[in-house]
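Report on one structure; see the data block that follows.
The values are calculated or read from the model by the stated rules, or taken from the named source; none is laboratory data. Here the structure is a predicted model, which is why all the values come from computation and not from measurement. Neighbour counts run over all protein chains shown; Cβ positions are idealised from the backbone, glycine included. Heads up: the accessible areas ignore ligands, DNA and RNA and are worked out on the full protein's heavy atoms, side chains in. Shrake-Rupley method; radii C 1.70, N 1.55, O 1.52, S 1.80 Å.
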Amino acid sequence: MIPAAFDYYRPKGMDEVIALLQEHGDDARVMAGGHSLIPMMKLRMAEVPHLIDLQDIDGLSDISVDQGRITIGAMVTQHDLINHDGLTAAAPILREAALQIADPQVRYMGTVGGNVANGDPGNDMPGLMQCLDAQIHLIGPDGERTVAARDYYEAAYMTDREDDEVLVSVSMDTPQGGYAYEKQKRKIGDYATAAAAVQIVKVGGSVKSASVAMTNLSDVPVWSEAACDALVGTACDAAAVKSAVAAMLGDIDPAEDNRGPVAFKRHVAGIILTRAIERAWSRA
Amino acid sequence: MNDLTPDREERSANLKGMGCSRKRVEDARFTQGKGNYVDDIKLPGMLHGDFVRSPYAHARVVSINKDAAMALPGVVAVLTAEDLAPLNLHWMPTLAGDKQMVLADGKVLFQGQEVAFVVASDRYVAADAVELVEVEYEELPVLTDPFEALKSDVVLREDLAGQTEGAHGPRKHHNHIFTWEQGDETGTNQVLDNAEVVAEETMYYHRTHPCPLETCGSVASMDKVNGKLTLWGTFQAPHVVRTVASLLSGIEEHNIRVVSPDIGGGFGNKVGVYPGYVCSIVASIVTGKPVKWVEDRMENLMSTAFARDYWMTGKIAATKDGKITGLHCHVTADHGGFDACADPTKFPAGFMNICTGSYDIPVAYLAVDGVYTNKAPGGVSYRCSFRVTEAVYFIERMIEVLAIELDMDAAELRRINFIKKEQFPYTAALGWEYDSGDYHTAWDKALKTVDYDGLRKEQAERVEAFKRGETRKLMGVGLSFFTEIVGAGPVKNCDILGMGMFDSCEIRIHPTGSAIARLGTISQGQGHATTFAQILASEIGISADSITIEEGDTDTAPYGLGTYGSRSTPVAGAATAMAGRKIRAKAQMIAAYLLEVHDDDVEFDIDRFVVKGAPEKFKTMKEIAYAAYNQAIPGIEPGLEAVSYYDPPNMTYPFGAYVCVMDIDVDTGVPEIRRFYALDDCGTRINPMIIEGQVHGGLTEALAVALGQEIAYDKLGNVKTGTLMDFFLPTAWEVPNYETDYTVTPSPHHPIGAKGVGESPHVGGVPCFSNAVQDAFRAFGLRHTNMPHDHWRIWQAANQLGLHD
Ligand SMILES: Cc1cc2nc3c(=O)[nH]c(=O)nc-3n(C[C@H](O)[C@H](O)[C@H](O)COP(=O)(O)OP(=O)(O)OC[C@H]3O[C@@H](n4cnc5c(N)ncnc54)[C@H](O)[C@@H]3O)c2cc1C
């Protein structure tokens, strides 16, 4: 649990960050809250000869809720998410999910940007961002670009982001309807055995639109279009929920680990999604 | 007596003696980050050690190349078995009569085994150098299953090849360590053969780990000028470490000083001797500089002493109406690559022979087979007296299984089999003499408090509702009644490496009436500085606030066997009382002289001696202390000091009655603890607040073990639970509200009647949590399912019962 030696940088401007990333390529990494990266460095699973701390970069810690659009800066912590009244009013699912991430100490440090950028299938924010159809804003040597969260994740720790790009913010339309973030974990501070993010819009007693994303049940977050389709147009009754679950099960691919064997995870994924849909529907 | 003399009640309260919830004197420093742990020790010129560890569970070490590591600036030495061999320190004796490699001697036997010791000027350089040591391994077949190991041709311990006699008798196979038999096999088999009812079950008590918050470490400093070695370390038994270090190194014992500074939890993990301690000593001798070694969390979990790992098969015989007539138990004990169990020498399976529990069982038989596998060595008593947790889990599960077999209520089955109050002292079928107990009273109080009948009624209604499809949650009522055996122990049958398990206390009263007492034990969080001062306060009439308690420095403390197995209060606590009584006896003579009466005409009264029948004539202990040093008293030596070495006549037998109410989500396997009631009888209660704290801690570790905490290996011998992400350490979040309660049945042979409590809640708690889980499924035909009851295993039990169909 002793990391290898590294050089530490704390630049004041984004230009400098990008210059350092270009200079050192693979050997450099940005650090946000450090609560995924530092453990990896201590385990010597990540070798980072050049560590670039983003703390002193201005303008990455803002939250704005404006005209139906939410923007969250990369350096906003999970703790900030929980305590922002405007955000909670506009997108209560963010608070419900953030409260189920890690523990208070970790949440003081862990950031939205780090959680989204990390690419660990255990992170909760990626699935949540897919559920909300968020846009991910990156900046690199060629300027800014935007990628949909649903297109961002390629494999475990592999994302659409280039080595010399920095995630600056995520944005999304203010979500509509009922919501739920449901997560089963072994203990506080644990990643999900299975988690589900659900938003449902109800019109005239039936589902107008639905969004379903699952966490830690594949090497990437799983936004299940088939599960959404199974709900739309129904009265969200038991049969509809059942077919949404069946559709979701077709999209996930969990692996056995200490949390349990595949059969257990698939079963729990179904239960968790059922509960999430029921809760979201009850709030719709 | 003048008007300012406080009344007796006030004087008694000022003493802060036994029975009062005095606040812990240790906490002022611990809560302010002012503790002094091994890793806080920094000496001028100190070097840092770190281990190269084996990635394989079983492999031959073909070669070790140190060149690249030695070339790294700051690296001072890289030690291997070859370097230690000339000193004969490449192997070391274990507490169990086996020997263990300090550094890999030709092969490795478990993942994480110490292969080379890097010494460098800086902790970071040491870690970098570890990566640079090139070790070539040749993998060997791995045995992680003890039953397979006993059948396999693969010889794990080549150093023992051909040896058919081990430290504890004959070895049946090259991977077999010992067979330990207790009780009457023929008699037990006869009872089983003729019994009206026999219940049989096999259970695995999984491997886990004590995981103290502070990991293990040491700082060795060899002063080549005066020839003195000082060793600071995380030692639960500093005197034993000094003696062993002397025997191993050849340094005379007076030239070795062992210090246990503040210890951040032990729970059995810090009883044994680890390669790191030996390597830090050797490195200090070789370099002439102080050398520190502190392991990290992963090293602690994968290489230092584990606990449990017992495969237990039981047969219990009974009459049709539930009277138990006999008990048979066989254990296959997985000891890992070396037998490093920390048990008294004559007890290779600890006190597993307490497995007849709290019940009057006429005949019993126990056999334990110890086996080598490719896992880490250990087998310590994790928050219990030697293997008592295993024994109590075994009998408390067998009782439940028998209740199922008899279709009887498990609380009632216990009640009709308890040893009765009037049977104490009671000699159990496997030999132990229980000192005192009143089990029926405790049990009735527990069941009444939780409204046991109401709970069963609610549970039955829940089962019906579940069957009707109205709920997916089942309710379990977990019961356990345990008897601990602690306070090892009488020198006639308890020793460790030949050292008798007495303990000691030395008291000095200062002229102004305050005092210091030193003991052979060492607190690791138990609050000795608080409670031992309370015992003394009551014995010698000096306020606990005026008494310093010191432990852990072998240069100043009297010899003792240390702290584990709940032995501190039963043994050192008794020594403290006895030494206090010696002080009091001398004080009485001084008081009589000062009051100009005969010795027998004064009597002790809280904080003074008074003339019998004339309480206005008295001398306080303060006055007596001053006179002891400053007044010439004919026939009495100056000073007021005493020492006591206490060899207990018997063990003590704390007991308790626990009930857990749990709701289980059948679909997700998530258990929710609704209620936990713990009644403990630890005899005389010294500090109720500390007892309560000990009970909360022990129950929390019980919850951990029962519901998820394990050291798991894959088929290749890789540790799967090497970090706290996967090794379950509960937090406030997972822990329920505990309701604590008590009865008081003093130990008849202990000077103050105290029995010890630190481990009871763990011993009784594990079966209680486990029984709650299993009881939830009893109505659906579950007989037994193994711990740990984490979500997926509970789910699996439900799944196998068809509850997901
Ligand atoms: C005990 C514990 C429990 C946890 N439990 C959970 C949990 O239940 N759910 C969960 O979701 N997470 C959990 N986490 C992870 C935690 O939320 C992390 O903080 C988060 O995943 C990463 O955020 P960070 O700010 O700490 O990122 P860092 O650790 O600083 O960085 C993580 C990775 O993202 C990259 N990165 C960071 N910021 C940027 C950026 N702006 N642009 C580009 N790349 C960037 C880094 O280079 C690095 O590769 C847990 C962590 C711990 C220690």
### Query
Do we have any residue at all in the range A:196-210 that's within 15 Å of the ligand (Cβ to nearest atom) and of a type in the set (S, T, N, Q)?
no
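Within the range B:409-504, considering only helices (runs of 4 or more DSSP H) that don't extend past its boundaries, which have at least 1 residues that are open to solvent by less than 10 Å² (accessible area, probe 1.4 Å)?
Details: elements: B:410-417, B:439-449, B:452-467.
Counting at least 1 such residues, we get B:410-417, B:439-449.
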### Message
Cβ contacts < 6 Å: first residue farther than 11 Å from B:GLY669 by Cβ, restricted to the range B:782-797; second residue among the aromatic types (Phe, Trp, Tyr), any location; separation 6+ or different chain. Result?
### Response
B:ASN786/B:TYR204
### Query
Has the range A:220-229 got any residue that is out of contact with any Leu (no Cβ under 9 Å at 6 or more places or on another chain) and within 16 Å of the ligand (Cβ to nearest atom)?
yes
### Query
Do any strands (runs of 3 or more DSSP E) lying entirely in the range B:198-291 carry at least 2 residues that are touching a residue at least 40 places away in the same chain (Cβ under 8 Å) and polar (S, T, N, Q), and which ones are they?
B:217-223
### Query
Within the group B:LYS375, B:LYS346, B:LYS315, which residue is over 25 Å from B:TYR56 (Cα atoms) and assigned to a loop (DSSP other than H, G, I, E, B)?
B:LYS346
### Task
Look at the range B:108-143 and say how many of its residues are buried (at least 22 other Cβ atoms within 10 Å of the Cβ) and either under 25 Å from B:MET312 (Cβ atoms) or away from every other protein chain (no Cβ under 14 Å) (or both).
13
#### Entry: Subset of the range B:37-92 [within 35 Å of the chain's Cα centre (by Cα), exposed (fewer than 15 other Cβ atoms within 10 Å of the Cβ) and of a type in the set (Gly, Ala, Ser)]
B:ALA85
### Query
Out of (1) touching a residue at least 40 places away in the same chain (Cβ under 8 Å); (2) touching a Ser or Thr at 6+ places or on another chain (Cβ under 7 Å); (3) near the ligand (Cβ under 8 Å from one of its atoms); (4) within 14 Å of chain B (Cβ to nearest Cβ), the odd one out for A:GLY114 is which?
(4)
### Message
With the requirement that a residue be within 14 Å of another protein chain (Cβ to nearest Cβ) and open to solvent by less than 40 Å² (accessible area, probe 1.4 Å), what does the range B:714-734 give you?
### Response
B:VAL719, B:THR721, B:GLY722, B:PHE727, B:PHE728, B:PRO730, B:GLU734
### Task
Taking the options A:THR174, A:THR159, name whichever one is within 14 Å of the ligand (Cβ to nearest atom) and not small (Gly, Ala, Ser).
A:THR159
### Task
Sort out which residues of the range A:250-275 are farther than 26 Å from B:ASP726 by Cα and more than 10 Å from every other protein chain (Cβ to nearest Cβ), and write them in order of number.
A:GLY250, A:ASP251
### Task
Test A:GLY204 against the criterion of being closer than 30 Å to A:ASP237 by Cα, more than 14 Å from chain B (Cβ to nearest Cβ), open to solvent by 20 Å² or more (accessible area, probe 1.4 Å) and free of Cβ contacts under 8 Å to residues at least 12 places away in the same chain, and give yes or no.
yes
### Message
Suppose the filter is more than 14 Å from chain B (Cβ to nearest Cβ), in contact (Cβ under 8 Å) with a residue 60 or more places away in the chain and crowded, with 23+ Cβ neighbours inside 10 Å; does A:ALA280 pass it?
### Response
yes
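Kindly evaluate B:PHE780 against the criterion of being crowded, with 24+ Cβ neighbours inside 10 Å, modelled with pLDDT of 95 or more and of a type in the set (Phe, Trp, Tyr).
When the stated conditions are applied, B:PHE780 does not pass them.
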### Scan of the range B:524-533 for residues that are surrounded by 24 or more Cβ atoms within 10 Å (Cβ to Cβ) and either among the hydroxyl-bearing types (Ser, Thr, Tyr) or within 13 Å of B:GLY17 (Cα to Cα) (or both), ordered by number
B:THR531, B:PHE532, B:ALA533
### Task
Identify the single condition in (1) open to solvent by less than 10 Å² (accessible area, probe 1.4 Å); (2) in the same structural domain as B:THR287 (by TED's automatic domain parsing); (3) at pLDDT 95 or above that B:GLN236 does not satisfy, given that it satisfies every other one.
(3)
### Conditions (1) surrounded by fewer than 22 Cβ atoms within 10 Å (Cβ to Cβ); (2) touching a Leu at 6+ places or on another chain (Cβ under 8 Å): number failed by B:ALA28
(2)
### Task
Determine, yes or no, whether A:ALA180 is more than 10 Å from the ligand (Cβ to nearest atom), within 14 Å of chain B (Cβ to nearest Cβ), open to solvent by less than 20 Å² (accessible area, probe 1.4 Å) and in contact (Cβ under 8 Å) with a residue 40 or more places away in the chain.
no
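Would you check which residues across the range A:117-156 are near the ligand (Cβ under 7 Å from one of its atoms), away from chain B (no Cβ under 14 Å) and under 13 Å from A:VAL222 (Cα atoms) and list them?
A:ASP124, A:MET125
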### Residue satisfying all of: in the range B:672-689; in contact with a Leu (Cβ under 8 Å, 6 or more places away or on another chain) and surrounded by 24 or more Cβ atoms within 10 Å (Cβ to Cβ); nearest to the other protein chains (Cβ to nearest Cβ) among these
B:PHE676
### Task
Determine if the range B:747-760 includes at least one residue that is more than 14 Å from chain A (Cβ to nearest Cβ), at pLDDT 95 or above, assigned to a helix (DSSP H, G or I) and closer than 14 Å to B:GLU400 by Cα.
no
## Note on the structure
All conditions in (1) surrounded by fewer than 24 Cβ atoms within 10 Å (Cβ to Cβ); (2) in the same structural domain as B:ASP435 (by TED's automatic domain parsing); (3) of a type in the set (Lys, Arg) are true of B:ARG297 except (2)
